[in-house]
Amino acid sequence: MAKLRIGLIGLGMAAAPHAKGLLDLKDRVEVAAAFSPTPARRQAFSETYGFATCEDAETILADPSIAAVMILTPPNTHLELVRRAAEANKHVLLEKPLEITQERARALVEVTEHAGIKLGIVLQHRFRPVSIALAALIHEGRLGEIVSASARLHNWRPQSYYDQPGRGTRARDGGGVLLTQAIHTLDLLVSLAGLPEEVRAYTTTSKVHRMETEDLAMAAIRFTSGAIGTVSATTCASLGYPDEIDVIGTRGMARLDGRRLAASFHDGTEISIEDEAAGGAGADPMAFPHDHHRSVLADFLDAIEDGREPCVSGREALKVHRLIDAILAAAQSGQPERP
């Protein structure tokens, strides 16, 4: 089978794990060109990974031999770039989040659906072996009926991180810790337990950072089944700690702690699984292997070849946007909100 030709738009911090994944999958995919508006970034990217670069995005979008694009630009640029890719009939693999507001996110998804192209979202935590193992435990009924599901993300970002232009602003990023960091863990929570029915929350910009949006969020959540749980997310936790998901059921409990899954059951049996690829919780947000990004890319290629939706499609990713918006709305109103 011929290799799929792909173009990259955006060569900032997020590009490195994708480039490494593309090199690993070079028997299936060919990078036709990579674009950044910054010449120095183009040169550094080409020298590091050996990929050809171009001086404008239109070179990629106008090339009929390029079947797909990876969009790795700031969130506020996503809708326009995806619209242009859809008009060029190119499939899109898009870095999270979808966009800076839920309205723009929905519009983006609808553009791709109307055009009939594939849209995959980079929410790589679903591809962790420990995440897949936890999903299997739930699906097989090993934990019984879920009575509680909670998520915690305690990252550390120094002030220098937010001093970068646009970081943590509504105009560029759309939000703070929830939309930029916790979205991965919250997406995994929703994929495992479903979208909560009701949210009560508090959010704040703490004294740890000078920034426009929230760096600390706490929420209580209730699911349609009656199960309850909590969400805790921050970039104030000095040094940073692995993200956690707890699922308690009528037959046992499972905890996903970064790269480790531990489960214990009422019948006395236990399960423990470790995944070597984890990180990014501390001051260096890119301090993690690229294994799961490679899995996202492989799934995207499979989806194109098999004519199916990617594991995390645009429509699927809208769910976590709804949860994040509900947390923010509940914190602002002081009232329960429905995602």
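Of the residues Ala16, His321, Asn76, the one whose Cα sits farthest toward the positive end of the charge dipole of the chain, with +1 on the Cβ of Lys and Arg and -1 on the Cβ of Asp and Glu, is Asn76. With the simple spin-label model, which puts each label point 7 Å out from Cα in the Cβ direction, the Thr224 to Asn89 separation comes to 3.8 nm.
For the chain, the Kirkwood radius over C-alpha pairs fed into Stokes-Einstein at 10 °C and 1.306 mPa s yields D = 77 µm² per second.
Excluding same-chain neighbours fewer than eight residues apart, the aspartates and glutamates reachable from Lys118 by a Cα-Cα span under 16 Å are Glu87, Glu95, Glu110, Asp299, Asp302, Glu305, Asp306, Glu309, Glu316.
You can think of it this way: the chain between Glu274 and Ala298 has 6.4 nm of extra reach, that is 0.36 nm per residue less the Cα-Cα gap.
One decimal place: the segment Arg251-Asp24 gains 77.7 nm when fully extended, by the rule 0.36 nm per residue minus the C-alpha distance. Cross-link reach is defined here as a Cα-Cα straight distance under 17 Å, omitting same-chain residues fewer than 8 places apart; for Lys319 the lysines meeting it are Lys96. Heavy-atom accessible surface of the chain, averaged per residue, reaches 44 Å², computed with a 1.4 Å probe. What shape does the stretch 206-250 take by its C-alpha gyration tensor, where a ≥ b ≥ c are the square roots of the eigenvalues and a/c under 1.5 counts as rounded, a/b above b/c as prolate, and the rest as oblate? Verdict is oblate for the stretch 206-250.
Residues Leu216, Leu297, ordered by accessible area of protein heavy atoms at a 1.4 angstrom probe radius and largest first, appear as Leu216, Leu297. What FRET efficiency would be calculated for the residue pair Tyr241, Gln164, taking the C-beta separation as r and a Förster radius of 22 Å, to the nearest 0.05? After rounding to 0.05, the efficiency reads 0.45.
Could you calculate the FRET efficiency of His114 with Asp267 from 1/(1 + (r/R0)^6), where r is the beta carbon distance between them and R0 is 35 Å, rounded to 0.05? For His114 and Asp267, the calculated efficiency is 0.10.
How big is the charge dipole of the chain about its Cα centre, in debye rounded to the nearest 20, if each Lys and Arg gets +1 on its Cβ and each Asp and Glu gets -1 on its Cβ?
I would put it at about 380 debye.
Spin-label pair Glu103-Glu145: with each label point 7 Å from Cα along the Cα-Cβ axis, the two points sit 4.1 nm from one another. Sorting Ser206, Ser36, Ser333 on solvent-accessible area from highest to lowest, probe radius 1.4 Å, gives Ser333, Ser206, Ser36. Compared with the dominant Cα axis of the chain, that is its longest principal axis, helix 183-193 is turned about 60°. A crude spin-label estimate for the pair Thr38 and Glu197, with each label 7 Å from Cα along the Cβ direction, gives 4.8 nm.
Based on the alpha-carbon gyration tensor of the stretch 10-161 and its eigenvalue square roots a ≥ b ≥ c, which shape applies: rounded if a/c is under 1.5, prolate if not and a/b is larger than b/c, or oblate?
Details: a/c = 1.77, a/b = 1.55, b/c = 1.14.
The shape class here is prolate.
Label the stretch 30-88 by shape, choosing from rounded, prolate and oblate, from the square roots a ≥ b ≥ c of the eigenvalues of the Cα gyration tensor; if a/c is under 1.5 it is rounded, and otherwise prolate applies when a/b is larger than b/c, oblate when it is not.
Values: a/c = 2.16, a/b = 1.35, b/c = 1.60.
Oblate shape, in that a/c is at least 1.5 and b/c is the bigger or equal ratio.
The values are calculated or read from the model by the stated rules, or taken from the named source; none is laboratory data. No experiment lies behind these values; they were computed from the predicted model shown. Neighbour counts are summed over all protein chains in view; Cβ atoms, including those assigned to glycine, are modelled from backbone coordinates with ideal geometry. Note: accessible area is taken over every heavy atom of the protein model, side chains too, but ligands, DNA and RNA are not part of it. Shrake-Rupley method; radii C 1.70, N 1.55, O 1.52, S 1.80 Å.
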